[in-house]
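Down below is the structure, laid out as structure tokens.
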Amino acid sequence: MQVSGNDELADLANIFNKVQTSLYMHQQQLKARVQIADENLTKVNHELTLRSKELEQMVALSQRLATTDSLTGLHNRRFLDENLGSVFAQAKRHADSLCLVLLDVDFFKQINDEHGHAAGDVVLKLLGDLIRWNTRDSDISARMGGDEFAFILPRTPAAQGKVFAENLLERTRSHAFVIPNGKILKVTLSLGVAELSEDIYSVEALYGAADKALYESKHRGRNQVTGIHKNEFF
Ligand SMILES: Nc1nc2c(ncn2[C@@H]2O[C@H](COP(=O)(O)OP(=O)(O)OP(=O)(O)O)[C@@H](O)[C@H]2O)c(=O)[nH]1
């Protein structure tokens, strides 16, 4: 506001101008503060996004670790058990075929006793690699503990399940297992293959059948595959 003269009106105009200037400065300061706050908020948002991505990755990693066998890198018993229930229910509902295969290394205790626990571990790890190379992505392979492994083969009838097990046995027995002292070991397996049939109503019954077939392979002299269908070995 233009100020001229020296009367009360001029005083008022001077006061008005001072107030206006002060308001303007306050406004500029506020603007600067808002801008800083905005920038800080953007930084915090960015940081939050990074942190939540890290958290997601950590959750995924811990889930993977909880369902992975650390020695072989295959799935563990927990993963297989968690999945068998739903695969079993789906196969029953859609009348699909399904095989459960159980595998046990022959005379594994002898390998440990003769060559040491570390050599036994190497054999299990190499067997894990053979298993990984010889199973389909749609199948589930797991180390159940010790020298025992299991496989869920969805949409697989008994005859095909047996071929899968026999191929794995053949590849294992023709493989040279090199242990840390440089020696080469030959390894054989016993396997049991159970097919889901009308007389099997539960996951436990399917396990029981596969276990019975595996035991039969051991009983018949190991280094072989036994199938079971409706309580008959084949
Ligand atoms: N190296 C190693 N050995 C293990 C591990 N877990 C279990 N074992 C050993 O695996 C051996 C399993 O032997 P068994 O299955 O009882 O018997 P086996 O000698 O394989 O005999 P059959 O199965 O009857 O042919 C035991 O000596 C266990 O101590 C492991 O993570 N690493």
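Going from the residue with the fewest nearby Cβ atoms within 10 Å to the one with the most, 130, 189, 61 rank 61, 130, 189. The phi torsions of the range 107-124, fed into the Karplus equation with coefficients 6.51, -1.76 and 1.60 and a -60° offset, translate into couplings of 6, 5, 4, 4, 4, 4, 5, 7, 10, x, 4, 5, 5, x, 4, 5, 4, 5 Hz, rounded to whole numbers, with Gly and Pro shown as x. Dipole check for the chain: with +1 at the C-beta of Lys and Arg, -1 at the C-beta of Asp and Glu, and the Cα centre as origin, the magnitude is about 620 Debye.
Neighbour counts of C-beta atoms inside 10 Å place 172, 156, 49 in the sequence 49, 172, 156, starting with the fewest. Counting only lysines at least 8 places from residue 186 when in the same chain, those with an alpha carbon closer than 26 Å to its own are 109, 125, 162, 212, 218.
Only sites in a loop by DSSP and with at most 16 other Cβ atoms within 10 Å count here; which chymotrypsin sites (Phe, Trp or Tyr not before Pro) in the range 51-124 make the cut?
Hits after loop and neighbour filter: 107.
With only the Cα atoms considered, the range 166-211 has a convex hull volume of 81 Å³ per residue. The Cα center of the range 1-53 and the Cα center of the range 188-217 differ in position by 80 Å.
Arranged from fewest to most other beta-carbon atoms within 10 Å of their beta carbon, 234, 151 become 234, 151. Excluding same-chain neighbours fewer than eight residues apart, the lysines reachable from residue 18 by a Cα-Cα span under 27 Å are 31.
Every read-out reported here was derived from the displayed coordinates using simple, explicitly stated rules and does not represent laboratory data. Since the model is a prediction, treat every value here as computed from it, not as a measurement. Note that each Cβ is placed from the backbone with ideal geometry, even for glycine, and that neighbours are counted across all protein chains shown.
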